[in-house]
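The structure appears below as structure tokens.
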Amino acid sequence: MANIIIVEDEAIVAMENKMNLHFAGHQIVAIVSSAEAAIDAFNLEKPDLLLMDIKLRGEMDGIEAMIVIRQKSNIPVIFLTGNSDAKTKQRVQSISNASYLQKPVLTVEIIDEVNKILSNN
Amino acid sequence: MSLLLQIGNFFLNPKAKAAKNIAEAKRIKLTSQIATVSLVIAVFYHFVFLSFNDIRLTLSELVFIFCYFLVLVLNFVGYSSFSKFFLIATFYVNFFVISAICGEEACVHLLYIPALTAPLILLDFAEIKLIVLLVIIAFLCLITLYILNFVPSLTIQISAKQMYNLKFSFILTSMVGQFIVIYSMIFKFTKTEKKLDMNNVMLEEQFKSIFDTSFDALFIVEYKERRIIKANSRAVELFEMENEYDFYLQNGLDLRKEPIGKKEHLSIKGDIAVKGFHENEVLYKTKKGNEFWGALAIRLVFMNGMPYQSVRITDITDQKKIEKQIQTSLNEKEILLAEIHHRVKNNLAVISGLLGLQANYVEDEKAKVLFEESRNRIHSMALIHDKLYQNETLATINFSEYIHDLVEHIKKSYIPDTWSVKFNITCNEIFLDIRNAVPCGLILNELISNSCKHAFKDIQNPEIKIVCSKMGEKFTMMVSDNGIGFDIENGFKRANSLGLTLIQALSEQLGGKVNTTFVNGTQFYISFEV
């Protein structure tokens, strides 16, 4: 079991992910919808993994939030996004200990990826 | 005399007035006038010779009358160059023959004096070689006459009084001829020069008015050194100069804001060599340091045989601003369209999420499967919006890439890790718009899903083949499996499956023709116009 923060500005998508991860035996410690809130939640909850959307509410995006978080921790992150363009992929690759899933994503894909990352870490 | 000159004008070709220049028109006119005077004089002498009862003189003069008349006819029909030469030649032969018969005492050879100067007024000085040749021929005729001593054996025998009268009339004729030549040279050519000067002044004024009132900046530039030797008022205004002298001897390339690149330099040279002109858009700087965009046009021209560049610069700054506004607007619309595709895709993700949430509250496993199938259909559409968002044109998707991505997604949905289905995809780079891509993607999703779910029960080495091709405007897609075989057409008739109903409805929407065969599995073909 792992403590996970979901960073997602679409409430329905966040809810679905929370439910699926909960059924898979994980604990969702926070659901936030902006990069700033994600940084605050990370500092507060000290999770084991971040499930991060890239396009978020506010000025910062998910990748920028991870750049800030990386200064403090090498926590694993799974980026979930509808942005599948080359530039976004390149930016994701610049973040260490990160993987990428493209929305809409299957439940089984998220759970498999979460389990894979947690076992690696 | 004036009457004779007027008669001469009657034989003038109407086209002579439109001769290439005034001087040439004048020479053509003079040829006609001199030929008329010569014709009348020749007729006069013909009657004089008749009184001598000398058949040689009479007949020869008759021939020369015909020759002078022929000159008029030639001039009239437009052979002006030949008529001038023919007139001078007729003079020389006429005087030679009559001199030989009448003898030195008759002083016919004095007529060579005006005849010698005739080429000077009838021919262009550009034809100096011909003039010199004709003068030499005239001298040769005279020398020949003196060498032969005017052929005494041919000389007519007439009384002293008749000879005196003949001598008197030929001296008079020679003087009249000389008078005509001098008159033509002094008075007529002075007039021509004046007319030419006036014409040049007029042409210069016309050129100046066109050059200076042009809406574009115009320059005459040295071909090699590219130094400006002439600029118009608009150029002064456009480049914010004090006057046109500010441009003089300045290198035309120095007017540019940025130095010319080697590539453009070669392009200008190449264009002028091949097409004779070069066109480009260039950013210029003014004397006061301001900038403007100019449409540059360079053309090679020749003045006095020397090559120059005729340069035109049109101010297109406003046009460029509008172009930039249009481009900005277009970029904004592209961003907006990309955002819409992204939004649609996100909304589809939300719908998929809602179905996923709902499925968690459903106990019935069959119902859960139906939810999952619906989510896959949504995903097949969302994938198209993702591809549209990625594509530069935002209007079409690379269907080959789409098939590969869709297959990967379906594999995750329906094919467990313990089971292996081989996918064989053959599809060139085919671009489809959203109108065709969405139904086509949904059909593909249903066919692959059906094969995965139903076709491979107890089948060794299951395989699904997808082949797409586009010939002209016709798109064809074939999806086949090596499974147990399924009669899709009968399935259509029964229509008790949503998947088959969707395939049928979407095929009709595409206006496609559907065929199925059952050879070692099921083969589904659809073709439609794109």
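Bear in mind that the values in this text are calculations on the coordinates, not laboratory data. All values derive from a computational prediction rather than experimental measurement. Cβ atoms come from the backbone with ideal geometry, glycine included; neighbour counts cover every protein chain shown.
For the reader, a short list of remarks on this structure follows.
- Relative contact order (percent, whole number), chain A, Cα cutoff 8 Å, 6+ residue spacing: 24 percent
- For segment A:3-120: Kirkwood Rh in Å [reciprocal of mean 1/r, alpha carbons]: 13.9 Å
- Between segment A:57-111 and segment B:71-86, the alpha-carbon center distance in angstrom: 96 Å
- Solvent-free Debye scattering, log10 I(q)/I(0), computed from the Cα coordinates of segment B:140-294 at q = 0.14 Å⁻¹: -0.89
- Legend: residue pairs A:Lys89/B:Lys345; A:Lys46/A:Lys87; B:Lys345/B:Lys457, Cα-Cα distance threshold 28 Å; pairs beyond threshold, A:Lys46/A:Lys87; B:Lys345/B:Lys457.
- For chain B, the membrane-span-like helix rule (DSSP H, alpha carbon extent of at least 30 Å along the helix axis, mean Kyte-Doolittle at least 0.5) picks out B:22-51, B:55-77, B:80-102, B:160-183; this says nothing about an actual membrane.
- Largest first and in whole Å, the equivalent-ellipsoid semi-axes of segment B:34-90 read 24, 10, 8, each the square root of five times a Cα gyration tensor eigenvalue.
- Here the Kirkwood formula, the inverse mean of 1/r across different C-alpha pairs, assigns the protein assembly as shown a hydrodynamic radius of 35.6 Å.
- Distance (nanometres) between label positions extended 7 Å along Cα→Cβ at B:Asp271 and B:Asn520: 6.2 nm
- Lone cysteines, the protein assembly as shown (no partner Cβ under 4.7 Å): B:Cys67, B:Cys102, B:Cys107, B:Cys141, B:Cys440, B:Cys452
- Here segment B:414-530 is assigned +1 on the Cβ of each Lys and Arg and -1 on the Cβ of each Asp and Glu. Its dipole about the Cα centre then comes out at about 140 debye.
- Sorting A:Glu16, B:Glu401, B:Glu61, B:Glu334 by the number of Cβ atoms found within 10 Å of their own Cβ, with the fewest placed first, yields B:Glu334, B:Glu401, B:Glu61, A:Glu16.
- Of the Cα atoms belonging to segment B:2-208, the radius of gyration and Dmax stand at 18.6, 71 Å.
- Likely footprinting exposure, B:Lys453, B:Lys262, A:Lys72, fewest C-beta neighbours within 10 Å first: B:Lys262, A:Lys72, B:Lys453
- Top positive-direction residue, dipole computed over segment A:3-120 with Cβ charges, set A:Asn20, A:Asn74, A:Leu50: A:Asn74
- Local charge for A:Ile31 was computed over the other residues whose Cβ lies under 10 Å away, with Lys and Arg +1 and Asp and Glu -1, and equals 0.
- Using C-alpha pairs under 8 Å with a sequence gap of at least 6, the mean separation divided by the residue count of segment B:317-394 gives a relative contact order of 41 percent.
- The three principal axes of the C-alpha atoms in segment B:89-203 carry coordinate ranges of 62, 29, 16 Å, sorted with the longest axis first.
- Local electrostatic count at A:Thr88 - Lys and Arg +1, Asp and Glu -1, tallied over other residues with Cβ under 14 Å: +1
- As a proxy for reagent exposure, B:Ser420, B:Ser99 were ordered by neighbouring Cβ count within 10 angstrom, fewest first; the result is B:Ser420, B:Ser99.
- For q = 0.11, 0.18, 0.24 Å⁻¹, Debye-computed log10 I/I(0) when each Cα of segment B:217-315 counts as one equal scatterer: -0.29, -0.81, -1.45
- A Förster distance of 56 Å, applied to the separation of the beta-carbon atoms of B:Gln358 and B:Thr328, puts the FRET efficiency at 0.80.
- Computed log₁₀ I(q)/I(0) - Debye formula, equal Cα scatterers, no solvent, chain B, q 0.08, 0.09, 0.10, 0.11 Å⁻¹: -0.77, -0.85, -0.92, -0.98
- Classification of segment B:339-427 by its C-alpha gyration tensor yields an oblate form. The axis ratio a/c (a ≥ b ≥ c) is 1.5 or more, and b/c is at least a/b.
- Shielding by partners - mean other protein chain Cβ count within 10 Å, residues of B:338-348: 3
- With the convex hull of its Cα atoms as the shape, segment B:414-530 has an orientation-averaged projected area of 7.5 nm².
- Residue-span extension gain [B:Leu249 to B:Ala367] - 0.36 nm each, minus C-alpha spacing: 33.6 nm
- Considering only B:Leu123, B:Asn398, B:Asn243, the residue lying farthest towards the positive end of the dipole of chain B is B:Leu123, judged by Cα position with unit charges set on Cβ.
- Stretched out straight at 0.36 nm per residue, the stretch from B:Lys457 to B:Asn304 would grow longer than its current Cα-Cα span by 45.7 nm.
- Taking amide H atoms as placed 1.01 Å from N in the peptide plane, the amide H of A:Leu56 lies under 5 Å from those of A:Gly62, each 5 or more residues away in sequence or on another chain.
- Summed side-chain charge close to B:Phe371 - residues other than B:Phe371 whose Cβ falls under 14 Å, Lys, Arg +1, Asp, Glu -1: -2
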